[in-house]
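Here's the structure we're looking at; comments come further down.
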Amino acid sequence: MQITTVSDTVPLRQRPDASSPAVEFPKNYPFSVRTTDSLVNVTAVDQVWSQVTVDRGGGKGPTGYIRTSFITTIPLPSADVSYEDFLRYCVSACLLYEVDVAYLMAVARVETGGSWNNAQSIIPASVMAAQATGPSGPFQFQTSTWKATIAQIDPKFAYKMQDITDPKAQALCAAHIANQGIEQHLHKFNGLPSPAQLYLYHFLGANDAQAVLSDPGRAVDLVLSPTVIQSNPSLLGQPGAAHTGNQLLDIVAMRLRAGYQANAGLFANPPAWWPLPQASTEATPWLNTALQEEQAGVTEAAGSSSNPRISQFLESVGFPPGRSDDTAWCAAFVSWCLKNCGDGTAAAAAKSVKNSSYAKSWLDLPMQLPEPRIGAIAVKKSHSRDVTGHAGFVAAINNDGSIVLLAGNQGGLNNNGLDKVCEITFDREEFLGFRWVG
């Protein structure tokens, strides 16, 4: 990819005429195009003049006329970026957009990790370089996707087309897409996405991702163009022999798992600038409270009756007394444990969460953890169509990275359809995020 710019500073004219006054941008300030500017929407109007728009951020800016002879193209520069610097950019972006930093780093590994230099802990300039055709950078942005994304994010960042080689800009735009993807998925499917589903919003864009996810049992070549499939055969298969959406999700989940594992060392010993709080090694009384409820065998009542204990859980998030245990109650169980464990900090954290009956709301707790810790609140997609998400506590972390989730409103599959407080093991790549009480 090359940037279109000017060979020398030149006034941006209001008309294709050397005597025309310069465009004012901002008002009362005659504007000149500099060699550091990039031009978009270049259109020749005659043999001498071209109409151009100067990219001042998001592909937008002042429009006017310059002599065509001043227009030139130059390759975009690129440089190595250290793992630590790239992690810093991703953390900053994830704090802004409330996205799991481990997920974002795993996406970058999936996209370009095979070209990273683990021996020197750098992402080489060859990854950062803008490509003449095809995607660019650690998150592999297509030019069209980049242009659309920088037009959507906060104008204060003023990212331009040439910033596609900037790792900080790439991280911020990838976090924006993840944040938007969660909201778009919630709106379309009334539930949180798994990380593998969320990745499809980055990989395919929202429309194609939702087309695949609407009927994951069918072959993806029924909804994706042959060009898209041919350019990504390892994920999508081949036209006429394409993978199904479920097969695609399995492949993505496997690659994300490898990405989480490859990045785990980056989170083990965070640098001095690390803004995310590390999990405390102190006691976790809320987990002890949850374990007591598990040992007590709290289970939904059969038939039309309800377990009064579960009704108490639901009351802790604002439901009226006696609420039926048919109501999704995993988030209510988290809230009740925090409020009744005897720890003031935990109780205050529970009270701070708005709409605490929803699993997703627990991601609003400010103490984000990049990796699971015993006692952390964990949030994932639900496996039930009538529940928006699932939340519980990390009870254990297995050697293979899988997570034992102690939660309410689960386990019904092996209990005659009656959910209970119990422990179930899930793969690491099923979780959207982890939060600490504090």
Inset, instruction - Go through the stretch 167-223 and count every residue that is over 16 Å from the mean Cα position of the chain (by Cα) and at positive phi. - result: 1
Legend entry - Positions within the stretch 316-360 being without any contact (Cβ under 8 Å) to a residue 12 or more places away in the chain and not aliphatic (A, V, I, L, M), in sequence order: 320, 321, 344, 354, 355
Inset, instruction - Would you please name the residue that is surrounded by the most Cβ atoms within 10 Å (Cβ to Cβ), looking only at residues in the stretch 78-97 that are of a type outside the set (Phe, Trp, Tyr) and touching a strand residue (DSSP E or B) at 6+ places or on another chain (Cβ under 8 Å)? - result: 94
Inset, instruction - Working only within the stretch 40-77, note down all residues that are surrounded by fewer than 15 Cβ atoms within 10 Å (Cβ to Cβ) and closer than 14 Å to residue 14 by Cβ. - result: 45
Inset, instruction - Taking only the stretch 365-384 into account, find how many residues are in a strand (DSSP E or B), farther than 17 Å from residue 260 by Cα and in contact with a Ser or Thr (Cβ under 8 Å, 6 or more places away or on another chain). - result: 0
Inset, instruction - State the number of residues belonging to the stretch 179-231 that are free of Cβ contacts under 8 Å to residues at least 60 places away in the same chain and assigned to a helix (DSSP H, G or I). - result: 29
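Check whether at least one residue in the stretch 25-34 is closer than 30 Å to residue 135 by Cα and not assigned by TED's automatic domain parsing to the domain that holds residue 175, and report yes or no. Walk me through how you get there before you give the answer.
Here is the first cut: in the stretch 25-34, the ones closer than 30 Å to residue 135 by Cα are 33-34.
Now restrict to residues that are not assigned by TED's automatic domain parsing to the domain that holds residue 175: 33-34.
Yes; the residues of the stretch 25-34 include at least one that is closer than 30 Å to residue 135 by Cα and not assigned by TED's automatic domain parsing to the domain that holds residue 175.
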Inset, instruction - Please indicate, with yes or no, whether at least one residue in the stretch 415-423 is in contact with a strand residue (DSSP E or B) (Cβ under 6 Å, 6 or more places away or on another chain), buried (at least 24 other Cβ atoms within 10 Å of the Cβ) and farther than 22 Å from residue 94 by Cα. - result: yes
Inset, instruction - Would you please list the contacts, defined by Cβ atoms under 7 Å and residues six or more apart or on different chains, that run from a residue in the stretch 242-255 that is surrounded by 21 or more Cβ atoms within 10 Å (Cβ to Cβ) and β-branched (Val, Ile, Thr) to a residue that is assigned to a helix (DSSP H, G or I) and modelled with pLDDT of 95 or more? - result: 252/196; 252/199
Inset, instruction - Among the numbered conditions (1) crowded, with 19+ Cβ neighbours inside 10 Å; (2) polar (S, T, N, Q); (3) modelled with pLDDT of 90 or more, tell me where residue 402 comes up short. - result: (1)
Inset, instruction - Take the stretch 385-438 and flag every residue that is among the polar types (S, T, N, Q), free of Cβ contacts under 8 Å to residues at least 40 places away in the same chain and assigned to a loop (DSSP other than H, G, I, E, B). - result: 398, 399, 402
Inset, instruction - Can you work out which of the residues in the stretch 17-49 that are of a type outside the set (A, V, I, L, M, F, W, C), within 29 Å of residue 148 (Cα to Cα) and not in a strand (DSSP E or B) is nearest to the chain's Cα centre (by Cα)? - result: 38
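Residue-by-condition table, conditions (1) under 21 Å from residue 259 (Cβ atoms); (2) basic (Lys, Arg); (3) in contact (Cβ under 8 Å) with a residue 40 or more places away in the chain:
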residue: 89; (1), (2), (3): yes, no, yes
residue: 121; (1), (2), (3): yes, no, no
residue: 130; (1), (2), (3): no, no, yes
residue: 143; (1), (2), (3): no, no, yes
residue: 163; (1), (2), (3): no, no, no
Inset, instruction - Please specify each residue of the stretch 316-326 satisfying the condition of being surrounded by 16 or more Cβ atoms within 10 Å (Cβ to Cβ) and either out of contact with any helix residue (DSSP H, G or I) (no Cβ under 6 Å at 6 or more places or on another chain) or hydrophobic (A, V, I, L, M, F, W, C) (or both). - result: 317, 319, 324
Inset, instruction - Tell me which residues, restricted to the stretch 159-178, are in a helix (DSSP H, G or I) and among the charged types (D, E, K, R). - result: 163, 168
Inset, instruction - Of all residues in the stretch 110-148, count the ones that are surrounded by fewer than 18 Cβ atoms within 10 Å (Cβ to Cβ) and either on the phi > 0 side of the Ramachandran plot or outside the structural domain of residue 197 (by TED's automatic domain parsing) (or both). - result: 2
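The values are calculated or read from the model by the stated rules, or taken from the named source; none is laboratory data. Given the structure is predicted, the values throughout are model-derived calculations rather than measurements. Counting neighbours? That spans all protein chains shown, and the Cβs are built from the backbone with ideal geometry, glycine included.
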